[in-house]
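Structure first, then comments.
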Amino acid sequence: MKIVAIFLLSALALLSLSANAKADVPGTKAVCNSSVNGCTKIYKPVCGTDGQTYSNECILCMENKNRKTPVLIKKQGPC
């Protein structure tokens, strides 16, 4: 029984460490709907590669459309 517990704790420790090992991806492209001219007010922040926090992915898309610059999503959540 002790061996099983030690094995399970070791496996849990390895899984938690592997979850933190993430490659540095420069950013992911926002999924944009080109037929939409407005965005919802749902607050689901994303951090752009420009260092700014956008209220949601749609707002980032609109900014990209207005500025003609490819700001990518650096991470989910605020910067």
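Could you tell me which residue of segment 52-75 is surrounded by the fewest Cβ atoms within 10 Å (Cβ to Cβ), considering only residues that are outside any helix (DSSP H, G or I) and touching a Lys or Arg at 6+ places or on another chain (Cβ under 8 Å)? Please lay out each step first, then the result.
Residues of segment 52-75 outside any helix (DSSP H, G or I): 52-56, 68-75.
In the following step, the residues that additionally are touching a Lys or Arg at 6+ places or on another chain (Cβ under 8 Å) were identified as 55-56, 70, 72-73.
On the way: S55: 16, N56: 17, P70: 10, L72: 17, I73: 18.
Among residues in segment 52-75 that are outside any helix (DSSP H, G or I) and touching a Lys or Arg at 6+ places or on another chain (Cβ under 8 Å), the one surrounded by the fewest Cβ atoms within 10 Å (Cβ to Cβ) is P70.
Would you point out which residue out of A19, A23, A30 is aliphatic (A, V, I, L, M), open to solvent by 60 Å² or more (accessible area, probe 1.4 Å), modelled with pLDDT under 90 and in a loop (DSSP other than H, G, I, E, B)? Full working, then the answer.
Working: A19 fails: in a loop (DSSP other than H, G, I, E, B); A30 fails: open to solvent by 60 Å² or more (accessible area, probe 1.4 Å).
After ruling out the rest, the residue left standing is A23.
The values are calculated or read from the model by the stated rules, or taken from the named source; none is laboratory data. As the structure is a prediction and not an experimental result, all values here were calculated from the model. Reconstructed Cβ throughout: ideal geometry from the backbone, glycine too, with neighbour counts over all protein chains shown. Side chains are part of the model used for accessible areas, which takes the heavy atoms of the whole protein and leaves out ligands, DNA and RNA. Shrake-Rupley method; radii C 1.70, N 1.55, O 1.52, S 1.80 Å.
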